[in-house]
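In what follows, a single structure is set out as structure tokens and then discussed.
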Amino acid sequence: MAADSPVPLATSADMQTGQFADLVSDYAADALDQLMIESTRQCEGICDRRLAPFTGVPESHRAQGVDPDEYTDAASMPLDLQGTLGRSYANALGGGDQVRHVWLNEFAGRYPEMWTYANLSVTILRSYGGSQSVNAASMIGAEADSGHIWFTLGTFLPVGSLIRVQYDGGYTTVPADLGRACKLLAASLVLGEIDPAGTQFSHDPGALRKQAEDILGNYQRT
């Protein structure tokens, strides 16, 4: 079985400096690395979203109807050449039953400038058969602050189609408060293992976890 090995939100070196160094002074290097991975996953579990950089996440979405605001009868609307060809092609295919949007499940809850998407692939499986890989020129996005992908006119995407996506993403620069939350959760895990009675160290595991949850509340899905 492959080991779970994300890039942690806070590293072992981060944990070995500052106020929690005493808690992990006796940890072997590999055990401390595993602790930071577990803490990272707990942060993600509390937020119900990916935070650490990830690779090759698969998702599936059902194509919904086009937004009525995108319809237009203004034949005189000025368009560039690409837009004109796209609209003409969409009309030829029956543009009224096409969809234009999909939203990825994973995106930045805060600080989208620190979030990065990469290697996005989109495949359309149409409800009546046939499939198509969508190239980058046929879509706009994904947007880091919402996960929004906007398909351009001319993309043959009928309602009811299955949209399969796969992509890399996550915080390539970790916000400082997430790093703090990861350390707080790691410390609470350590105390639960080595000092469950709370007599050896001056740290309160419940208070540490509460601090972490307060931070992570800013990243939770709404």
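Every number in this text was worked out from the coordinates using simple rules, so none of it is lab data. Please read these numbers as outputs of a predicted model, since none were measured by experiment. Heads up, the Cβs are rebuilt from the backbone with ideal geometry, glycines too, and the neighbour counts pull from every protein chain shown.
Listing for the model above:
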| quantity | calculated |
| --- | --- |
| Cβ-based exposure ranking for TRP115, TRP150, in which fewest neighbours within 10 Å come first | TRP150, TRP115 |
| For MET139, distant residues with modelled amide H under 5 Å away | THR152 |
| Positive minus negative residues near VAL102 (Lys, Arg vs Asp, Glu; Cβ under 10 Å) | +1 |
